[in-house]
Amino acid sequence: MSSTIPDADMKLSYDCLKCVIQKFEIHFRFRLAERLPKISLAEKAAPLHISELSITREGFELNGTEYRLGVIRHAREGPTPDRIKSENKRGGCPRDIDRFGFKKPFLPEPVNFNGMIIQGHDPERELNDNPELVEARVVNAKNRLTSLEREKRELENSQDDLVVANPENVLDRRGRRRNPLVSRESRLRRINENIRDTKTRLEIDELNMRSYQCKRDNLPSPFNMFIQLTKTSSDGTVHIERFDYDKSLKEAWEYLIRKLFGNRQLVTKIKLLSFFASRGEELVVGLPDDIKFDVQELRASCNLPEILQRVEAMLEHPDRPFTRLELDGLLLEDTQNPKIRDADVLVLHNNFIVDYVALCSELPNKKIVMTTRLEMHPGQYAMIVENLINTKGTLGTCYEFTKIEQGEARFALGFIAGRFENAVVGERLITIPLPNQLQLDISCTPSLNPFQQFYQFYPGFLFYTIRMEVVQNLIN
């Protein structure tokens, strides 16, 4: 083998550079292209493979690194309230702030959700949308703070070990005065908590008053504000960038997403794409229309019709079934969606109000996994088995029911064994013969306890998984 050292002055070819870039860790790759603009074209041309991209209202997580955009606020006059300081430490407010310092609603325009028109409102803003009410709260908070601090001084100077717990002499249900006695230290702790809470609320109300004054007098915002991008890696490393607040957070998100995923020669491949939103909540983080993803698996929570519709618009192959589809809060009416029915594996979380027998009967998917703590009686498991035998018993069909307590699982298998006369019963396996040299295996095995922290005093407490699967009958 030659020991000749390659020429250090030899330039890396464009194709070789793309191959090298493709091997880099994805976040290092992004940073490298940002710091060395001359290789940005090669970086955009190299294939991009993502293990997991999770999108929420606050931002997204890419291969374990969290990207969060928020509005950082510092009071122009006086100290910044502790509540806002805490929000700043978390990466800033995830909502836009208007020119007077008020938070803008998440839904600026009415949204049609499941046939209902949801107006863009903010209950907290409605409460504060009355300067007289805010001013009255400021006066009340100051009076309460004065009273609490006076009581604290009196208790600190008192020699009594026991004091009245409720100086206001609140009446009990029978109209009698109740004046229980507590230790002086206990009462002081309670007063200190009340003082701290009252000061926090007073700071916020005084800041709201300042915002109303700015609105009334058409003055600048009471805050100095800027947008902060916080990137937190899986090992806890935090990288912060700050920008002028000259665009909305939604526009900033779209700019960031376009910077990472836009103008690529090849479609970005994603193994798992996740969307998380609360019911009735709009996903603020959107994707530009010209960015497409090649997605294998999808995970979504709530607002499933809206999310699935949005996802379809960003898919490079919208007609290709997902290899795995995980849904949170699926309703029976959602089962008619082709994206749900065509998924190779369907995993259902937090389905507390759905009819599981009807759900299994309605869905044509080969494999369905139920991860919710189910409230099913043994007869319902038997009905699902009967449905598999009569209508859906094709090779490879598989249902899994997890988070089942041991007693419930034992009763379910016992009921199934007694229901079907041709069942071959083992200790944890029931086999029912099917036509065409097939058989239905119903097994019961221990599974990881997802609620172990609640059962720390019962280390032997196990959850079980009931598995129903149509397999080949290998007995001649």
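Some points to look at:
- Förster radius 51 Å - calculated FRET efficiency between S158 and H27 (Cβ-Cβ, nearest 0.05): 0.30
- Neighbour-count ranking [beta-carbon atoms within 10 angstrom, fewest first] of C302, C360: C302, C360
- Amide hydrogen neighbours beyond the local backbone of L438, cut-off 5 Å, H modeled: N473
- Pairs from the table (K38/K292; K104/K250; K269/K403; K44/K339; K38/K271; K247/K271) lying more than 21 angstrom apart at Cα are K38/K292; K269/K403; K44/K339; K38/K271; K247/K271.
- Converting phi to 3J(HN,Hα) with the Karplus coefficients 6.51, -1.76 and 1.60 and the offset θ = phi - 60°, the range 423-434 yields 6, 9, 9, x, 5, 10, 9, 10, 10, 10, x, 10 Hz in sequence order, with x at every glycine or proline.
- Annotation: amide H-H contacts under 5 Å for T80 (H modelled 1.01 Å from N, sequence separation of 5 or more, or interchain): A75.
- Taking amide H atoms as placed 1.01 Å from N in the peptide plane, the amide H of F293 lies under 5 Å from those of L315, E316, each 5 or more residues away in sequence or on another chain.
- Our coupling estimate for the range 72-82, obtained by passing each phi through the Karplus curve with A = 6.51, B = -1.76, C = 1.60 and θ = phi - 60°, is 8, 10, 10, 5, 5, 10, x, x, 6, x, 4 Hz, Gly and Pro reported as x.
- Across the range 49-66, computed HN-Hα scalar couplings (Karplus, 6.51 cos²θ - 1.76 cosθ + 1.60, θ = phi - 60°) run 10, 10, 6, 8, 10, 10, 10, 10, 5, 7, x, 8, 10, 10, 6, x, 9, 8 Hz from first to last residue, x flagging Gly and Pro.
- In the calculated pair-distance distribution of the range 181-268, the portion above 22 angstrom amounts to 64 percent of the Cα-Cα pairs.
- Rounded if a/c under 1.5, otherwise prolate or oblate - the range 300-399, Cα gyration tensor axes: oblate
- Length released on extending from D98 to E149, taking residue separation times 0.36 nm less the Cα-Cα span: 14.8 nm
- Ratio Rg/Rh [Cα only; Rh per Kirkwood] for the range 356-397: 0.94
- Annotation note: chymotrypsin sites (Phe, Trp or Tyr not before Pro) in the range 297-361 located in DSSP loop regions with a Cβ neighbour count of at most 16 within 10 Å are F352.
- Given their separation in residues at 0.36 nm each and the Cα-Cα distance between them, R373 and Q406 gain 10.6 nm when the chain is fully extended.
No value in this document is a laboratory result; all are computed from the given coordinates. Quick caveat, the model's predicted, so the values are computed rather than measured. Cβ coordinates were reconstructed from backbone atoms using ideal geometry, including for glycine residues, and neighbour counts include every protein chain displayed.
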